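The values are calculated or read from the model by the stated rules, or taken from the named source; none is laboratory data. Because the structure is predicted, anything quoted here is derived from the model rather than measured. All Cβ positions, even for glycine, are placed from backbone atoms using ideal geometry, and neighbour counts span all protein chains on display.
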Amino acid sequence: MSDIPSVPDDIKSLPWPEQFQTLAKHAKAPVLKAFYEAGCVAPDTPICEVPMVALDFETTGLESEAHSIVSIGLVPFTLDAISLSQAKHWIVRPKLPLHQMSVTFHGITHADIEKAPDLSQILEEVFASLNGRIPVVHFRHIERPFLDVALQYRLNEGIRFPLVDTMAIEAHLHPDRQPSFFKRMIGEKPVSIRLSDSRTRYGLPHYAAHNALIDAIATAELLQAQIQHHFSLQTPIGDLWL
Amino acid sequence: MQAELIDIRNHLIQHAPFDDMPEELVNQLTESIEISYVRAGTQITETGQISTRMYYVRSGAVEIFRRSGELYNRIGEGEIFGQFGLLMRGQVRFPARALEDSLLYSIPAETFHNLFENDENFADFVEIEDRSRLRSAVSRREKSNALMTSRVSRLISRKTVSAPTTVRLQEAARIMTDQGVSALLLMDEECGDKCESDRLTGIITDKDLRTRAVTEALPSETPISEIMTEGLITIRASSYVFEAMLTMLHNNVHHLPVIDGEEVRGVIALADIVRYESQSSLYLVSNIFHQQHVKGLKKISNDVRDSFVRMVNEDANSHMIGSAMAGIGRSFTQRLLELGEEKLGPPPVPYCFMALGSMARDEQLVVTDQDNAMILDDSFVPEEHDAYFLELAKFVSDGLAECGYTYCTGDIMATNPKWRQPLKVWRSYFTDWIENPKAEALLNSNIFFDLDGIYGRTEFAEELKSLVADKASKSQLFLTLMARNALNRTPPLGFFRTFVLEEDGKHQKTFNLKRRGTAPLSDLIRIHALACASQAQNSFERLKSISKTKLIMDDDLSNLRDALEFISIVRIRHQALTLEAGGEPDNNVRPEDLSPFERSHLKDAFQVVSNAQKFLRFRYNSQATRHV
């Protein structure tokens, strides 16, 4: 993929709203152009006014260069409400031959995958939910890099956007997650910042099923809880996005 | 709906009113949900705001207030709020505040109104609240049992067959054969100015003809009035079939003349009811009376539990089941007394065998011990007669134990000389309990205030009942101390509508549906009944007699009735399920063994008990003697 033009550093260093404006001019693929044109809120916007979208992918592995997306779940939301009427879920066909997949997917069968579309066929639908919203994920090293690689592969262009990572927020709240040797000796457990363990700390319910959509919803709920417990509704989005 | 939202849908359908909702509607509902996380203390809705949503508590807890600021209700997982404002299409009626960090599902007005139009269950549920919700739960159950919805009049298929009391035996038999009936009503023709129902004097049945006439080879010219049964037990045409069944069970008769005002409408027979309840507990009762030995009784006592489970599965209500089980227990006792008298000879002086506690109240279940006593005629001379009665009491008590009615741990049995006394001693017992009451002593004698004569000179027991009714209502101190004792056992409801659990013998966290539910309820109902000088023993009957006075408001009485019915039926179902699973039934229930429907309505029911206890405390200005 050496033929993909990389984004120059001077553009990368622009604040996100300006960066989106610039990228909108450079983007060739219509979906990306529309995405950037929809814009990005100013960094000083209070989080309670920011339209967001919780996003979760299931993938065949952890490396964006080697593995593929299997399913996408998303739900647009604000700090006030997570609207299930706009919740979306897709299964997509991964690029790898099926027999190479060692990962078991919750509730997704090989038959589902065989009749699933390629990501390129649903891009417009996916972007319809992303445009103008700040993505929220739990663990930022999956959704953004996987989407970037998948788009490079299909559109010959990558994607750049800011996101809020609920796991990073938990990591920030629990800097001393690993107990000292002494504390481990007396039985203290490390603080887990995995999605379900983090949710438990806020009294959020346990979801039995695991799929990209329910995990996206779970992530949105977690962010609502985190903001109300540790930040304020006026917290500028620029303090939280990464 | 996205299939991936199933987790959210599955939570909804565990809770009323979504548990009975058609799938399509639940799916639409799920799709329309907006989720919000609110921290403890957050004001969710405020008075005067326009109502736009109904809320469902997914996790956490919410407090609902009256406009006055007074706490109205606490709502937990799986419960809804905000429906009233939507129903009125107006302003928020009851403001809500998060008591704990909560996750709320909010349902937009449009979806709410759509559900309201298209799902009758949902409409019923949101229109009524709390305790009225309990009521509809109770009546919904009852609607499914034909015995409870059909009236006796429906069982009458032919015109009354009757004859004057003056006919002769042979003529009576001929009429019965010609008309093809198993019972003939006998009318007094001499007082023609009386109405039909008043002229009804006696009945003669097929069985009477066999046992009284044929076996004793009576001449065919014997006047029928010599062998007919008098003092008839009748039933009103408007009664429900199950009441007819209870009447038959209680009195051990197989035919009931049906009265409609002044008119005699006909006779209903056991067989007519059995058509409604195919495997009737009535069969078991008649079988009991055919047994010639304790061994035989013991053998059929195994069927008691089957009969219990069957009634539960047929959706009988707790009154039916309690009465049927008491009827069966009473029949075992009566048959044992008959067998005992056959063995020991006729009693030297008349006596009455008395049932106490749940059997007397017609509220017996399968796990029960025997509580009984004997009232002897005042001509009783201990040195001459007591050996006989001790022997008889032992025979019955041992026989009952064989049949699964374990000995009373408190030794309240006729085998205890203290509870085998002449009527005059019993009168002095009751007079002393009522007129010189002591709280501790009353704790132990509580059980005697549910009494019923079941064999022999039952009028002795009636005499005690009227003595109690007469004296108890006049002794304020007695009522106060009884009230104090009744407050010892509180319902298992914590401050925040959570179940308060105790560790049972198997080290499981449970609550006891009898000790914390039905017992405190029947205790407090007994006190109000005693205060109104009622002679009723059954708790439902007691509530009826209380309602004739103005002691308690009608609404509160209905709440008590519904709470008793609901707690009883949950207890009964718990025992039936344990029996079906091959276990030994008890009264300890783990909350997780209950359906969300049962959990939610049990909380309502326990709340009723708790309020009724508050009323009792207020009325008698009494604190509990000791909390247990």
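I'd like to know if region A:12-29 contains one or more residues that are touching a helix residue (DSSP H, G or I) at 6+ places or on another chain (Cβ under 6 Å) and more than 30 Å from residue A:234 (Cβ to Cβ).
Yes.
Answer with yes or no whether residue B:110 is closer than 20 Å to residue A:206 by Cα, among the acidic types (Asp, Glu) and not in a loop (DSSP other than H, G, I, E, B).
no
Quick check: anything in region B:253-267 assigned to a strand (DSSP E or B), buried (at least 19 other Cβ atoms within 10 Å of the Cβ) and basic (Lys, Arg)?
Yes, region B:253-267 has at least one match.
Evaluate the following for residue B:5: is it over 17 Å from residue B:114 (Cβ atoms) and away from chain A (no Cβ under 14 Å)?
no
Here is a yes/no grid of residues against (1) in a helix (DSSP H, G or I); (2) assigned by TED's automatic domain parsing to the domain that holds residue B:561; (3) basic (Lys, Arg):
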residue	(1), (2), (3)
B:292	no, no, no
B:340	yes, yes, no
B:347	no, yes, no
B:365	no, yes, no
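Would you be able to tell me the number of residues in region A:50-60 that are modelled with pLDDT under 95 and either β-branched (Val, Ile, Thr) or surrounded by fewer than 16 Cβ atoms within 10 Å (Cβ to Cβ) (or both)?
2
I need the full set of residues from region A:69-87 which are within 10 Å of chain B (Cβ to nearest Cβ) and within 14 Å of the chain's Cα centre (by Cα), in order please.
If the condition is that a residue be within 10 Å of chain B (Cβ to nearest Cβ) and within 14 Å of the chain's Cα centre (by Cα), then A:71, A:73, A:75, A:77 are the ones that fit.
State the number of residues belonging to region A:215-242 that are more than 14 Å from chain B (Cβ to nearest Cβ) and of a type in the set (A, V, I, L, M).
3
If I ask for residues that are of a type outside the set (Val, Ile, Thr) and touching a Leu at 6+ places or on another chain (Cβ under 6 Å), which ones from region B:580-604 would you list?
Passing the criteria: B:585, B:587, B:601, B:604.
Yes or no: region B:62-80 includes at least one residue that is of a type in the set (Val, Ile, Thr), surrounded by 15 or more Cβ atoms within 10 Å (Cβ to Cβ) and either within 14 Å of chain A (Cβ to nearest Cβ) or touching a Lys or Arg at 6+ places or on another chain (Cβ under 7 Å) (or both).
yes
Where residues in region B:284-295 are farther than 21 Å from residue B:270 by Cβ and not basic (Lys, Arg), which of them is surrounded by the most Cβ atoms within 10 Å (Cβ to Cβ)?
B:294
Could you tell me whether any residue of region B:394-406 is outside the structural domain of residue B:585 (by TED's automatic domain parsing), free of Cβ contacts under 8 Å to residues at least 40 places away in the same chain and within 26 Å of the chain's Cα centre (by Cα)?
For region B:394-406, residues outside the structural domain of residue B:585 (by TED's automatic domain parsing), free of Cβ contacts under 8 Å to residues at least 40 places away in the same chain and within 26 Å of the chain's Cα centre (by Cα): absent.
Can you tell me which residues in region B:331-351 are more than 16 Å from residue B:400 (Cα to Cα), surrounded by fewer than 24 Cβ atoms within 10 Å (Cβ to Cβ) and touching a residue at least 60 places away in the same chain (Cβ under 8 Å)?
Correct list: B:347, B:350.
Is there a residue in region B:24-38 that is within 21 Å of residue B:604 (Cα to Cα), within 14 Å of chain A (Cβ to nearest Cβ) and either in a loop (DSSP other than H, G, I, E, B) or not aliphatic (A, V, I, L, M) (or both)?
Within region B:24-38, not a single residue is within 21 Å of residue B:604 (Cα to Cα), within 14 Å of chain A (Cβ to nearest Cβ) and either in a loop (DSSP other than H, G, I, E, B) or not aliphatic (A, V, I, L, M) (or both).
Filter region B:296-328 down to residues that are without any contact (Cβ under 8 Å) to a residue 60 or more places away in the chain and outside the structural domain of residue B:570 (by TED's automatic domain parsing), then give me how many there are.
9
Taking only region B:313-330 into account, find how many residues are more than 13 Å from the chain's Cα centre (by Cα) and crowded, with 21+ Cβ neighbours inside 10 Å.
3
Look at residue B:58 and say whether it is away from chain A (no Cβ under 11 Å), outside any loop (DSSP other than H, G, I, E, B) and touching a strand residue (DSSP E or B) at 6+ places or on another chain (Cβ under 7 Å).
no
Can you tell me how many residues within region A:109-130 are in a helix (DSSP H, G or I), at pLDDT below 90 and not acidic (Asp, Glu)?
Number satisfying all stated conditions: 3.
I'm trying to understand the selection: among the residues of region B:191-206, which are without any contact (Cβ under 8 Å) to a residue 60 or more places away in the chain and touching a strand residue (DSSP E or B) at 6+ places or on another chain (Cβ under 9 Å)?
Answer for region B:191-206, where residues must be without any contact (Cβ under 8 Å) to a residue 60 or more places away in the chain and touching a strand residue (DSSP E or B) at 6+ places or on another chain (Cβ under 9 Å): B:199, B:201, B:202, B:204, B:205, B:206.
Quick test for you: out of A:47, A:82, A:11, A:69, pick the one residue that is surrounded by 19 or more Cβ atoms within 10 Å (Cβ to Cβ) and more than 20 Å from residue B:36 (Cβ to Cβ).
On inspection, the qualifying residue turns out to be A:69.
Being β-branched (Val, Ile, Thr) and over 16 Å from residue A:147 (Cα atoms) is the filter here, so list the residues in region A:110-124 that pass it.
A:113, the sole residue that qualifies.
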